[in-house]
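The values are calculated or read from the model by the stated rules, or taken from the named source; none is laboratory data. Fair warning: this is a prediction, and the values are worked out from it, not measured in the lab. So basically every Cβ, Gly included, is an ideal-geometry build from the backbone, and we count neighbours across all protein chains shown.
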Amino acid sequence: MKVIIKNMRLDASVGIYDHEKAKKQPLIINVEALLKENETKFENATIDDVFNYEILVQAIRDIVLNKHIDLLETIGERIIAFALSQKEIVSISVQLEKPAAFADMDAIAISMNA
């Protein structure tokens, strides 16, 4: 099973240029986290029987919104490190997009996997 966070939008202080440090810009975050096999029958399951994806969502918010970060790669590494610290997550893919970075394209993005 995977937990998928699709098109999470946060206003982030990210980038190496002065104008990026002075003003927040939109950041679009996509995550796919592969979970360990779970033998639970979901029909009778409770939140204690499954991975609570709210934990991952809140961690991403904390990482992105906490302080200025120069590089998208740093954000990606921090998200990956948190995710892999969760016993239920086996692997993760993170895509980060800056849609306002360039006027002549939809977005510039990076993708990282672990």
- Message: If I ask for residues that are of a type in the set (Val, Ile, Thr) and assigned to a strand (DSSP E or B), which ones from segment 1-16 would you list?
- Response: 3, 4, 5, 14
- Message: So, in segment 17-30, how many residues would count as being loosely packed, with under 11 Cβ neighbours inside 10 Å and either in contact (Cβ under 8 Å) with a residue 40 or more places away in the chain or part of a helix (DSSP H, G or I) (or both)?
- Response: 3
- Task: Filter segment 55-114 down to residues that are polar (S, T, N, Q), modelled with pLDDT of 95 or more and closer than 22 Å to residue 16 by Cα, then give me how many there are.
- Result: 3
- Query: What pairs come up if the first residue lies in segment 82-99 and is touching a residue at least 60 places away in the same chain (Cβ under 8 Å) and within 10 Å of residue 31 (Cα to Cα), the second is part of a loop (DSSP other than H, G, I, E, B) and of a type in the set (A, V, I, L, M), and their beta carbons are under 8 Å apart, counting only those six or more places apart or on different chains?
  - Reply: 92/114
- Candidates 45, 33, 59, filtered to the one that is of a type in the set (A, V, I, L, M) and in contact (Cβ under 8 Å) with a residue 40 or more places away in the chain: 33
- Query: residue 86 fails exactly one of the following numbered conditions: (1) in contact with a helix residue (DSSP H, G or I) (Cβ under 6 Å, 6 or more places away or on another chain); (2) under 13 Å from residue 3 (Cβ atoms); (3) not hydrophobic (A, V, I, L, M, F, W, C). What is the number of that condition?
  - Reply: (1)
- Can you name the number of the only condition in (1) within 24 Å of residue 102 (Cβ to Cβ); (2) in a strand (DSSP E or B) that residue 34 fails? (1)
